[in-house]
Every structure is written in C-alpha cells, then in structure tokens.
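Engineer: One structure, pasted below without further comment.
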Amino acid sequence: AKLEGKVVIITGANTGIGKETARDLARRGARVIVACRDIAKAEAAASEIRAETGNQQVIVKKLDLADTKSIREFAEKFLAEEKELHILINNAGVMLCPYSKTADGFEMHLGVNHLGHFLLTFLLLERLKQSAPARIVNVSSLAHHGGRIRFHDLHGEKSYNRGLAYCHSKLANVLFTRELARRLQGTKVTANALHPGSVHSDLVRHSFVMMWLWKIFSFFLKTPWEGAQTSVYCAVAEELDSVTGQYFSDCQPAYVSPRGRDDETAKKLWSVSCELLGIQWD
C-alpha cells in the first residue's frame, strides 16, 4: 500500500522494530514522525532512513513516555504543526528494568508501555478521527500470556519481579486495545495489537542473562526487519480496513489469553488509567 500524503507517528523508532517500521513506511511515501526520548539516536536513525529511502519527510520529535509533561508537550506541538494523523504506532517499550518509577510515580513498565501510550492516544484521538480512516497499532507481546492486572499493587510496591512487570504491561496493551476498539466503533478509526515475534533488539539491555541467551539462541530469533512486518501489516494492509480490536502475530490473527479477553478487567483498567493520569476519557 502506498502512503503518500499520510502522516504517521511511531514511538521509539530510533532502534529495533520501530526503526524498521519507520523505514518501511517512509519507503511507502508517508510523512513519518519519529517520536523518541533520545534525540541524538533518533536523528541518526532518521538521516539514515532519509538517505536510504529518498523520503525527506522523516521528522524527529522529542517524546519521553516516562513523563506525562513530555507527552503533553509532544502532543501539543504535533497538533499545532500537523493537520492530519492517519496512523499512530505505539511501539516504544521498556523491558526487564530494575525497579524504578516514572516522573509521575508509576512503575516503569506500566508507566511507559501502557500509561504513556494511553495518554498519548487520548491526546491525539480527535486528530485521528478527523483524518479517518485512521489506525492505531499497539505493539504488545506473546508475554501478555504471563501477565495479570494487579489492581491491588499496580506499581509493584508490595512485590516486584521485572519479568512479570513486563508481562503485566503487555497484557495492559491488549486490554487497552480491546476497550479502545469498542469505544471507537463507527468512527472509522481502528485499533489493533500485535506480537512482533522474539526479536534481536536492544530491549534486553537490562538483563545480562537475557543478553547471553539472546546470543546463544539468536539463530531462532527474528531480525528487527522481520519483527517489524506485523506492525507494518497492521498499519497498511488493505484487508484490515475495517478490522478492529484484534491481536496479530506473523501477520495473522493470533490467540489471546483469557485474561486478555476479559471485558470487565479492560473496563476497570481503563477507568483506573484515567484516574492515574487525571483525565476524563468517555
């Protein structure tokens, strides 16, 4: 699918899957906003993509998903500068970090992987609706199968395990997508989630053991290019024009854990997320 005249935002597009997704969509002629925390890395990635694709409309903007102030500033600038938004790819993520909190006091995995993207989507939703047909693509993971939403201890203050914290945040992505799709019915804005595959990327940088296992098993892992294919598919495939609320892996619908299909939990997570972020999203 060609994307001339389409505006795309990809979070965390300076490395790994996000960078490959940006490269692919740039090649299709989209105006690609690379939204990243590390501006130097992002500029290097963007200039490489511009040179390789010949598409000069690859633009870097500062976005720190671990700080709601930064998210609001990013959205404000974007809305002032861009009249349209056709595709939002919530790709950025942290994985297996030692216990830490975001600027707003959220546990890091939940704060960046779920709440940061939840707020970003909320702030950009009107523009997506105005630009419809539009798509929201949430990068989740097979790891959602190991997750549960621990409402009694969302920020891991009572007990914390970084592997599980990652799983919980990826389950939150699936539940958010489900509830968002339900709320967007009839708007021509779709929302889908995906598992990119086990990809060789920087995500494991916080864990020495994981980095070793990654090296040993890298033969079985996808390259970032391969890992990006499902994100690209969800963003551009014409057969998905009216498909929403689904979860994909290897460019096809995939099995969602029972917890990921629980509408009550999805609704509760939605209202708790709004409370934490101090927003009204009806």
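The values are calculated or read from the model by the stated rules, or taken from the named source; none is laboratory data. This structure is a prediction, so every number in the text was calculated from the model and none was measured. Glycine also receives a Cβ, built like all others from the backbone with ideal geometry; neighbour counts cover every protein chain displayed. Please note that ligands, DNA and RNA were not included when accessible areas were found on the heavy atoms of the full protein model with its side chains. Shrake-Rupley method; radii C 1.70, N 1.55, O 1.52, S 1.80 Å.
Engineer: Checking the structure you have, find out if any residue of the stretch 217-224 is modelled with pLDDT under 95, of a type outside the set (Val, Ile, Thr) and within 17 Å of the chain's Cα centre (by Cα).
Structural biologist: Yes: one or more hits.
Engineer: Okay, next question. Name the pairs whose Cβ atoms lie under 6 Å apart, with the first residue in the stretch 157-179 and of a type in the set (Val, Ile, Thr), the second assigned to a helix (DSSP H, G or I), and 6 or more positions between them or separate chains?
Structural biologist: VAL174/HIS144; VAL174/GLY260
Engineer: How about the stretch 251-268: which of its residues are within 17 Å of the chain's Cα centre (by Cα) and either touching a residue at least 40 places away in the same chain (Cβ under 8 Å) or open to solvent by less than 40 Å² (accessible area, probe 1.4 Å) (or both)?
Structural biologist: GLY260
Engineer: Which numbered condition trips up ALA132, out of (1) modelled with pLDDT of 95 or more; (2) within 24 Å of ASP262 (Cα to Cα)?
Structural biologist: In the conditions (1) modelled with pLDDT of 95 or more; (2) within 24 Å of ASP262 (Cα to Cα), ALA132 misses (2) alone.
Engineer: Is it true that some residue in the stretch 139-147 is surrounded by fewer than 16 Cβ atoms within 10 Å (Cβ to Cβ) and either assigned to a helix (DSSP H, G or I) or in contact with a Lys or Arg (Cβ under 8 Å, 6 or more places away or on another chain) (or both)?
Structural biologist: No, every residue in the stretch 139-147 fails to be surrounded by fewer than 16 Cβ atoms within 10 Å (Cβ to Cβ) and either assigned to a helix (DSSP H, G or I) or in contact with a Lys or Arg (Cβ under 8 Å, 6 or more places away or on another chain) (or both).
Engineer: Pairs, please: C-beta under 9 Å, at least 6 apart or cross-chain, first residue closer than 12 Å to ARG23 by Cβ and in the stretch 42-58, second surrounded by 14 or more Cβ atoms within 10 Å (Cβ to Cβ) and polar (S, T, N, Q)?
Structural biologist: Sorted first by the residue in the stretch 42-58, then by its partner, the pairs are ALA45/ASN14; ALA45/THR15; ALA46/ASN14; ILE49/ASN55; ARG50/GLN57.
Engineer: May I pose another question? Could you grab the pairs with beta carbons closer than 8 Å, sequence gap of 6+ or different chains, first residue in the stretch 219-248 and among the charged types (D, E, K, R), second one part of a strand (DSSP E or B) and at pLDDT 95 or above?
Structural biologist: Every condition considered, the pairs that remain are ASP241/THR190.
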